[in-house]
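Heads up, the thing below is written out as structure tokens.
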Amino acid sequence: VQLQACGGGLVQPGGSLRLSCAASGRIFSINVMGWYRQAPGKQRELIATISSSAGNTNYADSMKGRFTISRDNDKNTVFLQMNSLKPEDTAVYYCNYQDRLSGKYWGQGTQVTVSS
């Protein structure tokens, strides 16, 4: 499974960005995709995940409210809408794919920088 993320960049505080991540390869119909981030000097942390079957979402408590995860199953693509961005949201954002048969895969990461 290959994951290609895009949509990162430089944004001013209070701004918005939408990340997308397309999965390709041996994709099973029942899977979970998600977004994580890693700031400099910190551990990678969960933002949210979303299942393919019922679209069930799971958010880290600290990410609820400003981040929204969604997906397009036909395109095997997961999205992350980020609003009201803050400088502390600056990080490398990684997408993730996992299913019971193939295991877990990570995208290459996309940099998000929130700065004026």
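The values are calculated or read from the model by the stated rules, or taken from the named source; none is laboratory data. Please read all numbers here as calculations on a predicted model, not as lab measurements. Note that we place each Cβ from the backbone using ideal geometry, even for glycine, and neighbour counts take in every protein chain shown. Note: areas computed on protein heavy atoms with side chains; ligands, DNA, RNA excluded. Shrake-Rupley method; radii C 1.70, N 1.55, O 1.52, S 1.80 Å.
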Exercise for the section: For residues that are part of a helix (DSSP H, G or I) and open to solvent by 60 Å² or more (accessible area, probe 1.4 Å), tally how many sit in the stretch 58-90. Expected result: 7
Practice task
From the list ASP61, ASP89, ASP74, pick out the single residue that is in contact (Cβ under 8 Å) with a residue 24 or more places away in the chain and among the acidic types (Asp, Glu).
Solution key: ASP89
Exercise for the section: State which residue is farthest from ARG44 (Cα to Cα) when the search covers only the stretch 91-116 and only residues that are of a type in the set (Gly, Ala, Ser) and open to solvent by 40 Å² or more (accessible area, probe 1.4 Å). Expected result: SER116
Completion exercise
Note on THR49: of the conditions (1) modelled with pLDDT of 95 or more; (2) closer than 16 Å to GLY8 by Cα; (3) under 13 Å from the mean Cα position of the chain (by Cα); (4) open to solvent by less than 50 Å² (accessible area, probe 1.4 Å), unmet is (2)
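Taking only the stretch 59-77 into account, find how many residues are farther than 14 Å from TYR97 by Cα and under 14 Å from the mean Cα position of the chain (by Cα).
7
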Problem - Condition check for ARG26: out of contact with any Lys or Arg (no Cβ under 8 Å at 6 or more places or on another chain) and in a loop (DSSP other than H, G, I, E, B) - result: yes
Practice task
Can you confirm whether the stretch 9-18 contains a residue that is among the hydroxyl-bearing types (Ser, Thr, Tyr), buried (at least 19 other Cβ atoms within 10 Å of the Cβ) and either modelled with pLDDT under 95 or within 12 Å of LEU80 (Cα to Cα) (or both)?
Solution key: no
